Amino acid sequence: MSTPTQLTLYNGALILLGERQLASLTENREPRFLLDYVWSQGIVDNCLARGQWYFAMKAAQIDYDTSVTPAFGYTRAFQKPTDWKVTSAVCQDQYLKQPLLRYLDETGYWYADLDTIYVRYVSNDSLYGGDYSLWPDQFREFVEAAMARRIVRALAGGDQEFIDEIKNTEKERLTIAKNECAMVGPTTFPAQGSWTRARQSRNRRTDGGSQTGSLY
C-alpha cells in the first residue's frame, strides 16, 4: 500500500459515498469544497485523538513550568506538548513503569507534586501520527470513513438510510483500527479517568497525600 496523501484520502471518502473521485485537489466540484472544509477543521487530528495508536506514540520527559503557580492543590504545572493529542500514560520514572497515581489533567496542563513527570501520548508530530507513511491500512480506512461521515448529509439528499450506513461504517472502521493497534502495539496501562482521579483526590485529603509507585 502506498503512502496516503490528502488526495487519496479525499478519494477514499468519495468512494464510500458513491461519488466520482477527484483528479486533483483543485477540481471545481462541491465534494472537494466540502472535503477541504473538513480537512481545514483538523480531521486527522480528530482521528488521532480517538485512540491509543501505537504508530503515533511518543514519550517525553516534562519538567514543571516555572511560570505557572497553581493557586491550590498540586504544586506543579506541566504544559502539554504542542503535538499532544491524547494521553496514554503519566509516570514517575523515565522507564514508564511507575504510573503517577495522583495528578490532575486539565486543558493544556497536567498538575502534580513532582518536579518532573514522564508522559507517553499520541502525537501529531510529522515523525509520529503526522507521518502518513506510518499509518496502517486500518487507520487510513477509518480516516476516510470519518471524512465521509462529515459530508454525507450534504451529499445524500435526505437519504437517512445512507447517512446511517456511513455513520456505522465509521464506527466499524474505528473498532477495527483500534483492534489492530491493540494486537500490534505493546501492552500498557491506560491514563486514569477523571473519576479515578477524583476518588484519589479525596483519599489524598485523608491519607496525607503519600505517593506510591504501584497500581495497587
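Amide H neighbours of Lys80 under 5 Å, at least 5 residues apart or on other chains, H built in the peptide plane: list them.
Excluding prolines and chain starts, which carry no amide H, the hits are Tyr109, Trp110.
Across the stretch 89-175, how large is the tail of the calculated P(r) beyond 16 Å, expressed as a percent of all Cα pairs? All intermediate terms of the calculation are to be shown ahead of the outcome.
Numbers: 2559 of 3741 pairs.
Value for the stretch 89-175 (Cα pairs over 16 Å): 68 percent.
In the stretch 38-147, which chymotrypsin sites (Phe, Trp or Tyr not before Pro) are in a loop and have at most 14 other Cβ atoms within 10 Å, using DSSP for the loop call? The partial results should precede the final answer.
Values: sites: Trp39, Trp53, Tyr54, Phe55, Tyr64, Phe72, Tyr74, Phe78, Trp84, Tyr95, Tyr103, Tyr109, Trp110, Tyr111, Tyr118, Tyr121, Tyr128, Tyr132, Phe139, Phe142; in loops: Trp53, Tyr64, Phe72, Tyr74, Tyr95, Tyr103, Tyr128.
When the chymotrypsin sites (Phe, Trp or Tyr not before Pro) of the stretch 38-147 are filtered for loop state and at most 14 Cβ neighbours within 10 Å, Phe72, Tyr95 remain.
Take the stretch 1-53, compute every pairwise Cα distance, and split them into 10 Å bins from 0; I just need the percent in each bin.
Per 10 Å bin, starting at 0, the Cα pair percentages come out as 23, 52, 23, 3.
Can you give the net charge of the other residues whose Cβ lies under 13 Å from the Cβ of Ile151, counting K and R as +1 and D and E as -1?
Value of the local net charge: +1.
Could you work out how much longer the chain between Thr175 and Thr3 gets when fully extended? Use 0.36 nm per residue separation minus the Cα distance between them, nm to one decimal.
Once the chain is fully extended between Thr175 and Thr3, it gains 59.7 nm.
How high is the relative contact order of the stretch 32-91? Use alpha-carbon pairs under 8 Å, at least six apart in sequence, and give a whole percent.
The value is 32 percent.
Under 25 Å Cα to Cα from Lys58, which lysines show up? Leave out anything in the same chain fewer than 8 places away.
Correct list for Lys58: Lys80, Lys85, Lys97, Lys178.
Once you compute Rg and the Kirkwood Rh from C-alpha atoms, what is the Rg to Rh ratio for the stretch 27-122?
1.14
Read-outs throughout are calculated quantities, based only on the coordinates presented, and are distinct from any laboratory measurement. Just so it is clear, the structure is predicted and the values come from calculations on it, not from any experiment. Quick reminder, even Gly has a Cβ in these numbers, built from the backbone with ideal geometry, and neighbours come from all protein chains shown.
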